[in-house]
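Report on the structure given below.
The values are calculated or read from the model by the stated rules, or taken from the named source; none is laboratory data. Predicted, not measured: the structure shown is a model, and the values here were computed from it. Backbone-built Cβ (ideal geometry, glycine too); neighbour counts: all protein chains shown.
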Amino acid sequence: MKKIIIGNWKMYPTSVKDAQEKFKGIKKVASTLRNVQTVVCPPFVYTSDLKRLVTGHRCVVGAQNAWFENEGAFTGEVSPAMLASLKLTYVILGHSERRALGETDELVNKKVVAAVKAGLTVVLCVGETERDPDGEYLKHIAMQVKIALKGVTKKDLAHIVIAYEPIWAIGKHALRAASTDDALEVAILIKKTLMELYSKEGGIIPILYGGSVDAKNAWEFLTKSHVDGLLVGRASLDPKIFGEILKNADSIK
Ligand code: PEP
């Protein structure tokens, strides 16, 4: 299976010109790689401009969020139908930065169901704020997965990707980078939870790792934590570094 490498640009960069340059730089590398599906998720306002630069399937544009209704009086929101009409395929949902703004597991669930219904592929983010010695964080993550996937049936599973992102390991204020064992432990837990929910069909859902991934540790996470891909924040804004991550992923058969 191709590795899935997703760049989450968050609220960067500040100009469309810069966004186009960065995307072109990433596409130049990504379009040469057979074993990697690259997805760049820019701020919504740049989506159409970057979409115009897409030339094949290896490097595509995704979204960082979507609402749960297709239209209506929801000022400032963007709907799954709108993303689908631009022919976007991937949408990140439940990112910890959105959960920190007040998104609950129940809201994330409504968004997941609506996005899948619109034909999008959901990149569902889960992860703990901190780790406790008793392993309560494992229960928390399993619960996040179960609530987010309520109403998602076996026939929808090809439209689900799960990204494990420990909040303490994300962004420039990260406490520390997660170890490959930290990521492996939770990747196994998520797989087990998916098998409980969907029996063996649950095994087809790709599991990604995200949190301070860079060109130095990407290969290790992909090989030692046995994840199917990576969700990359800061490092995805530098085409050179992101290009290295993509090439590392491509080298794993
Ligand atoms: C993210 O925000 O999804 C993320 C993984 O950020 P970073 O790679 O910058 O830690």
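Right, Asn65: under 16 Å from Gly210 (Cβ atoms), surrounded by fewer than 22 Cβ atoms within 10 Å (Cβ to Cβ) and touching a residue at least 24 places away in the same chain (Cβ under 8 Å) or not? Against the criterion (under 16 Å from Gly210 (Cβ atoms), surrounded by fewer than 22 Cβ atoms within 10 Å (Cβ to Cβ) and touching a residue at least 24 places away in the same chain (Cβ under 8 Å)), Asn65 qualifies.
Test Ala81 against the criterion of being among the small types (Gly, Ala, Ser), under 30 Å from Thr223 (Cβ atoms) and at pLDDT 95 or above, and give yes or no. Here the answer is no, as Ala81 does not meet what is asked.
Output the residues belonging to the stretch 211-239 that are near the ligand (Cβ under 10 Å from one of its atoms), within 17 Å of Ala187 (Cβ to Cβ) and part of a loop (DSSP other than H, G, I, E, B). Full working, then the answer.
Of the residues in the stretch 211-239, the ones near the ligand (Cβ under 10 Å from one of its atoms) are 211-214, 230-237.
Next, from what is left, pick out any that are within 17 Å of Ala187 (Cβ to Cβ): 211-213, 230-232.
Within the stretch 211-239, Gly211, Ser212, Val213 meet the criteria.
For the stretch 59-73, indicate whether the set of residues that are over 21 Å from Leu149 (Cβ atoms), outside any loop (DSSP other than H, G, I, E, B) and touching a helix residue (DSSP H, G or I) at 6+ places or on another chain (Cβ under 8 Å) is non-empty. The answer is yes, given that some residue of the stretch 59-73 is over 21 Å from Leu149 (Cβ atoms), outside any loop (DSSP other than H, G, I, E, B) and touching a helix residue (DSSP H, G or I) at 6+ places or on another chain (Cβ under 8 Å). Cβ-Cβ contacts under 6 Å between residues 6 or more apart (or on different chains), taken from a first residue in the stretch 1-20 that is closer than 24 Å to Cys125 by Cβ and within 16 Å of the ligand (Cβ to nearest atom) to a second residue that is of a type in the set (S, T, N, Q) and at pLDDT 95 or above, are listed as Ile4/Gln37; Ile5/Thr38; Gly7/Ser236. Of everything listed in (1) out of contact with any Phe, Trp or Tyr (no Cβ under 8 Å at 6 or more places or on another chain); (2) within 22 Å of Cys125 (Cα to Cα); (3) of a type outside the set (D, E, K, R), the single unmet condition for Val60 is (1). Taking first residues from the stretch 21-35 that are charged (D, E, K, R) and partners that are not in a helix (DSSP H, G or I), the Cβ contacts under 6 Å between residues at least 6 apart in sequence or on separate chains come to Lys27/Cys59.
Name the residue that is surrounded by the fewest Cβ atoms within 10 Å (Cβ to Cβ), counting only residues in the stretch 165-177 that are within 10 Å of the ligand (Cβ to nearest atom) and not charged (D, E, K, R). I'd like the intermediate steps shown before the answer.
Narrowing the stretch 165-177 to residues within 10 Å of the ligand (Cβ to nearest atom): 165-167, 169-174, 177.
Now narrow it down to the ones that are not charged (D, E, K, R): 166-167, 169-171, 173-174, 177.
Details: Pro166: 27, Ile167: 18, Ala169: 21, Ile170: 24, Gly171: 15, His173: 6, Ala174: 16, Ala177: 18.
Here the residue is His173.
Taking the stretch 91-130 as the range and being more than 14 Å from the ligand (Cβ to nearest atom) and of a type in the set (Lys, Arg) as the test, the residues that pass are Lys110, Lys111, Lys117.
Look at the stretch 143-162 and say how many of its residues are touching a residue at least 24 places away in the same chain (Cβ under 8 Å) and surrounded by fewer than 19 Cβ atoms within 10 Å (Cβ to Cβ).
Start the filter on the stretch 143-162 by keeping residues that are touching a residue at least 24 places away in the same chain (Cβ under 8 Å), which leaves 143-152, 154, 156-162.
This time we only want the ones that are surrounded by fewer than 19 Cβ atoms within 10 Å (Cβ to Cβ), so: 143, 146-147, 150-151, 154, 156-158.
Going through the stretch 143-162 one residue at a time, the tally reaches 9.
Restricting attention to the stretch 202-216, the residues that are in contact with a helix residue (DSSP H, G or I) (Cβ under 8 Å, 6 or more places away or on another chain) and over 18 Å from Tyr90 (Cα atoms) add up to 7. On the stretch given as the stretch 195-237, residues that are more than 17 Å from the chain's Cα centre (by Cα) and touching a residue at least 12 places away in the same chain (Cβ under 8 Å) total 11.
If the condition is being buried (at least 20 other Cβ atoms within 10 Å of the Cβ) and not in a strand (DSSP E or B), then the stretch 28-57 contributes Val29, Ala30, Leu33, Pro42, Tyr46, Thr47, Leu50.
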